[in-house]
Structures are given as structure tokens and as C-alpha cells.
1. Using the Karplus curve 6.51 cos²θ - 1.76 cosθ + 1.60 with θ = phi - 60°, what ³J(HN,Hα) values do you get for each residue of region 304-312, in whole Hz, with x for Gly and Pro?
2. What do you get for Rg/Rh over region 105-216 if you use C-alpha atoms and the Kirkwood form of Rh?
3. Cα extents of region 26-164 along the three principal axes, largest first, in whole Å?
4. Between residue 198 and residue 344, what is 0.36 nm times their sequence separation minus the Cα-Cα distance? Round to one decimal in nm.
5. Search the structure for amide H atoms under 5 Å from the amide H of residue 48, placed 1.01 Å from N in the peptide plane, and list their residues when 5 or more places away or on another chain.
6. I'd like to know how region 168-250 sits against the 2.2 N^0.38 Å rule of thumb: what's its Cα Rg over that expected value?
7. Stokes-Einstein at 37 °C, 0.692 mPa s, Kirkwood radius from Cα pairs: D for the chain in µm² s⁻¹?
8. Region 168-219 to region 252-286: how many Å between their Cα centroids?
Amino acid sequence: MLSRRALLAGLVGLAGVAALPMIGMFLAANRSLAEAAAGRGRFFGSALTSSDLAADDAYSRVLLDQCDVLVPEWQLKWGALAKSIEAPADFAQVDAIVQTARSLGKKMRGHTLLWHEHMPQGLADLTQGADWDRYVVPHFNQLLDRYADDFFHWDVVNEAIEPRDGQPGFMRDTPFYRMLGPDYVAEAFRLAHNLAPNAKLYLNDYNICYADSWQNDRRAGVLRLLEKLVTAGVPVHGFGIQGHLDTRFSFNDRVFADFLDAVTDMGLELAITELDVREADDPGGLTIAARQQRAADEVSKVLSIALDYKALSGVTTWGLADKRSWLRSARDLPDNQGLPYDDLLSATPMRAALADLFSRSPTRG
Ligand code: XIL
């Protein structure tokens, strides 16, 4: 196959200066998503697993071509590191991803230090303040010591808000919440900052983007928590908007922009994390092409607003090709169409939409 450089030299040789607009179009169409994002001072990346990289196949090549940021999809989660709360952590799979990322000069987002899902056995039963010192502090120590400068972002706390749990401030009722009360979030960020002072520390949450009224309380909970942290001088640097979009929900530019204004007015940065589109409807008579277009349109609605904010540091998808999507599970559509590449690793309309959205967005200072 001709390299981009050889093809470019050929084009210039053939038509001289007259070929310049064509060359521009060629380059734009062939730029990776990471290059498109970097052109605006942003990053683009995807979640991946250690086996994605170990396979060294067509999928891993697309991942590494398109992304300048990698996010371990589950290897860093506490329950992936240790089977039980007393068992030693096994870092082999994270090490494999970190080594590849280091050797290729890729940056990494760390996901995640605290999450109420995917926990080691025994953690769900803990309720005492002393359990924080006994288990949570060592968990932070070993992870952040081992990978001191490998992760430029950390999702320190994932999914801290759940209005249905009935707690003040719409806080989610988790073991960490039971150990220290709502202050566990501030404690987690302080601890992370002491151990990884160069990393940007994020709160990350989902069901934030849509205007459906039940998401109002979710947004209110996030804003109240961020405000509390910022006012107390806690080292929180950004909010990660999990971009698990969903064709069932309704989007409203103003509602979303108001939320982004409120976050950025606090001096925080934003990231779109975990981007994908869940086709929750029965796709009925829609062709695959129409479904892919629907997913691209969903992404455009949300990102055309978000990318207007210079505070938006970048975008990461939750997998890059549909065949590797977590949405391809029993509870969702077995052939969900919701990522920038399809089952055969061809670019979908979402890939073109992302490139276009990046190129039309303002440059981040
Ligand atoms: C999911 C992964 O994709 C699965 O492989 C894993 O088993 C469970 O977690 N929100 C999050 C992510 O913050 O960590 C979740 O990832 C998807 C929902």
C-alpha cells in the first residue's frame, strides 16, 4: 500500500500547485481522529483491554492509528485488580497496557479509582471509617505509586450521584459513602492529588446530557458536589461526562449548555468520556446504514455543543468498533450500531461526524 507521504509526493509531482486543494482534502480525509482533535488542542482516544493490544490484529492497529489516548476498559477497576479485599492485587494486565502505551508514546486516562461496581469480594459489606484507612488508602497508594506518571487523567470517583438512593445531595449510597459520609469524595481527591500531583483529577458520571426531567436531579447532584469540592479547595480539575448516548432520550441544546456553563464557571475542565450510542429502540425496518447515521446524528447533537467549550480537553469512546462494544450484550441489541467503526472495521458515519466536529471546533488554548 502507498504511504501517505509517497502518495502526497506523487500528487504534487503530477499536478504541481494546482493539486494543493486536492491534497488538503486528501489529508483531511486521512487524518486520524487523534490528529483531527490535536489540531484543536484536544485529545481523542478509546477504551481498550489488554487482549485488544495483545492480539496485534486489524482492530489493535485501528485503535493505535486513531487514538492518542488509551483507557483501560476494566483492568484498573478494583475488582479486576483483586478478587477479594484481602487478596493481593495483580497488576499484570494493567502493566501490559501501560508498557505498550509507554513504548508508543500514548497518553492514558485512568479509569477508575473508586466505583461501586466491579468491586473485590468483601468491599460491599464495609461500613466503618476505619475501613477507609485499612483498605481504600492502600488501594490508592499502590495504584498511584506504581503508575506515578503514566496516567495524565484519573477518574477518581466514578458515578457518585444517584437521586434514587434518597441520600442528601443526591449522593449515591456506596460502601465509600457509608465509610466516611459524603466527604469521602473530597478525601479521595486529596489522596489522589498527594500521590499523583501531576495528573488531572476528574469526577465522572452518566445520564447527564439529556433533557428528560429525571436527568435534572442527576445534573443538580453533580453541580452541588462539584461546587462543594471547589469551594473547599479540594484538588478536583474536571468533570467527565460519560457519553453513553441513547436514542430513546431527548436532547436540548440549552439544557446541556446551561450545565456545561455551570461546570466551566467553576473553573473546571470537561471531557467526554465513554462515548457510544445505545440503540435502545427496536430498530424495526431501519437499514444498518440508517442506524449508523442515527448514531452519528446523536453524537453530533451532543458534541456540537460540548466542543464549543474551550474547557473540553478531549473525547474518548468506549471501544472503537461495534464488534468490541460492551453494548453488544444480552440486555442490549446484539447488533448495536454505536461506534466510529463497524464490525468489519470500516469507518461509520460517526467517524466522519467526529472528524468534522473536531475540525469545526474552536482551538483550545
Ligand atoms: C463497563 C465495561 O465496558 C465492561 O467491560 C465491564 O465489565 C463493566 O464496566 N460506565 C462506566 C464503565 O463507568 O466503567 C463501564 O464499563 C460502563 C458504564
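1. In residue order, the calculated couplings are 5, 7, 4, 6, 6, 8, 5, 6, 7 Hz.
2. Numbers: Rg = 14.7 Å, Rh = 14.9 Å.
Result: Rg/Rh = 0.99.
3. 60, 34, 26
4. Details: separation 146, 0.36 × 146 = 52.56 nm, distance 3.90 nm.
Using 0.36 nm per residue and subtracting the Cα-Cα distance, I get 48.7 nm.
5. Correct list: 71, 73.
6. On the way: Rg = 13.9 Å, N = 83, 2.2 N^0.38 = 11.8 Å.
Against the compact-globule rule of thumb, the ratio is 1.18.
7. Rounded to a whole number, D works out at 153 µm²/s.
8. 18
No value in this document is a laboratory result; all are computed from the given coordinates. Quick caveat, the model's predicted, so the values are computed rather than measured. As a convention, Cβ positions derive from the backbone with ideal geometry for all residues, glycine included, and neighbour counts pool all protein chains shown.
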